[in-house]
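In what follows, a single structure is set out as structure tokens and then discussed.
The values are calculated or read from the model by the stated rules, or taken from the named source; none is laboratory data. Quick caveat: nothing in here was measured; it's all calculated off a predicted structure. Glycine gets a Cβ as well: all are built from the backbone with ideal geometry, and neighbour counts include every protein chain shown.
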Amino acid sequence: MNVFALDFPPVNHLFDWPSFLFADNEWVALNKTGLIYLVSLVLTAGLFWAAARRRSLVPTGTQTVVEAGVEFIENNIVMQTIGPDGRRFMPFLTTLFFFVLFSNMFEVIPFIQFPANSRMAIPLLLALVVWAVYHVVGIRAQGFFQYFKSALFPPGVPTFLYVLVVPIELLQIILIRPLSLAIRLWANMVAGHLLLVTFAVLSAALWGTLYVPAVLPFAMLILLTAFEIFVSALQAFIFTILTAVYIGGSLHPEH
Amino acid sequence: MLALISTILAQLAGDGEAGMKAIGAGLGYGLAAIGPGVGIGIVVGNAITAMARQPESAGVARTTMFLGIAFTEALALIGFVVFVLLAFA
């Protein structure tokens, strides 16, 4: 593909990695995306295992970091969206946050530089898990009919408007919530990766021909790398907080 | 610069359908970004006003602000998805 007379790699080369393990197998194969997910899984599990291995009243080392993370989730996400009875969702929300955070962060780690969540599979899977969780929580907390009644018939709406509101709300809880959750994470990561690649290609091409002007796109590349660190953390935060909001809405329909 | 533009125009002229696709993708994303741009501005601006008036409730305002940004931003991201589909798929 040719952008501004530069050789921009075709987008498949940026996101579609060849399998390097079991490449001939029809059912099971491993490529860079899968490997990043496995590493994030091990990192998430290992972090909490290392922190809980030698628990002490005065936290040291890993335990300090993990306690800060857990307290952040508790104070900024659970308490403000679900309330005190949301504490039982802490393990789910915390692992969700750290897994998404780690798999996003590979976007800026040198020599890897690929956000695993820029492939749709795992964001969609996580969104479907969240979808199942908030439906099950709502049905268990309120009962089947009461759950759908409170979800589809928000109070304070004039009666004739329910003709309009009920289909929208139904579409919202069945389709729009999980899809927007998955697309938000995926599209942010795709956009970030494309942005970084564009400025990297620009710097490399300018450095190969004109040398000095390459400073400008390279400075932009560094700035954008910092920005993408922020976006990775923010998207993990937003994914978790929306999950908590949906769970909270199922638990306490009056809000 | 003129050479660049003429190169791009020549590419467009060479493949009319791809050119229309590219124009559609660019216009589509640009139009989809207008509304969310204004919307995020309103959300963040009002959140800052709230935080400045009541610093003690800054935490709640910040959380709600991020929620509002996330919902508003979804529209821009759908525009971006349309752009990706038109430009690359």
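Among the residues of the stretch B:16-60, those identified as β-branched (V, I, T) and more than 19 Å from B:L75 (Cα to Cα) are B:I23, B:I48, B:T49, B:V60. Of the helices (runs of 4 or more DSSP H) lying entirely inside the stretch A:37-148, those carrying at least 2 residues that are in contact with a helix residue (DSSP H, G or I) (Cβ under 8 Å, 6 or more places away or on another chain) and either under 24 Å from A:P178 (Cβ atoms) or within 14 Å of chain B (Cβ to nearest Cβ) (or both) are A:90-105, A:121-142.
For the stretch A:1-41, taking the residues that are β-branched (V, I, T) and over 17 Å from the mean Cα position of the chain (by Cα), the one that is modelled with the highest pLDDT is identified as A:V28. Each residue in the stretch A:141-194 was checked for being crowded, with 18+ Cβ neighbours inside 10 Å and in contact with an Asp or Glu (Cβ under 6 Å, 6 or more places away or on another chain), and 1 of them qualify. With respect to the conditions (1) in contact (Cβ under 8 Å) with a residue 40 or more places away in the chain; (2) within 14 Å of chain B (Cβ to nearest Cβ), A:L206 falls short on a single one, namely (1). Is the stretch A:155-165 home to any residue that is in a helix (DSSP H, G or I), away from chain B (no Cβ under 14 Å) and closer than 24 Å to B:G68 by Cα? Checking the stretch A:155-165: at least one residue is in a helix (DSSP H, G or I), away from chain B (no Cβ under 14 Å) and closer than 24 Å to B:G68 by Cα.
Output the residue which, of all residues in the stretch A:198-211 that are hydrophobic (A, V, I, L, M, F, W, C) and buried (at least 19 other Cβ atoms within 10 Å of the Cβ), is nearest to A:P110 (Cα to Cα).
Here is the first cut: in the stretch A:198-211, the residues hydrophobic (A, V, I, L, M, F, W, C) are A:199-202, A:204-207, A:210.
Right, trim to buried (at least 19 other Cβ atoms within 10 Å of the Cβ) and you get A:199, A:202.
Values: A:F199: 15, A:L202: 18 Å.
Restricting to residues being hydrophobic (A, V, I, L, M, F, W, C) and buried (at least 19 other Cβ atoms within 10 Å of the Cβ), the top hit is A:F199.
Can you say whether A:V245 is on the phi < 0 side of the Ramachandran plot and more than 14 Å from chain B (Cβ to nearest Cβ), as far as the supplied structure shows?
Answer is no for this residue.
Taking first residues from the stretch A:12-28 that are without any contact (Cβ under 8 Å) to a residue 12 or more places away in the chain and over 22 Å from B:L85 (Cα atoms) and partners that are of a type in the set (F, W, Y) and surrounded by 10 or more Cβ atoms within 10 Å (Cβ to Cβ), the Cβ contacts under 8 Å between residues at least 6 apart in sequence or on separate chains come to A:V28/A:F22.
Residues that are loosely packed, with under 12 Cβ neighbours inside 10 Å and out of contact with any strand residue (DSSP E or B) (no Cβ under 9 Å at 6 or more places or on another chain) within the stretch A:24-41 comprise A:D24, A:N25, A:E26, A:W27, listed in sequence order.
Looking at A:G83, A:G69 in this structure, which one is closer than 29 Å to B:R62 by Cα, small (G, A, S) and over 22 Å from the mean Cα position of the chain (by Cα)? Among A:G83, A:G69, only A:G83 is closer than 29 Å to B:R62 by Cα, small (G, A, S) and over 22 Å from the mean Cα position of the chain (by Cα).
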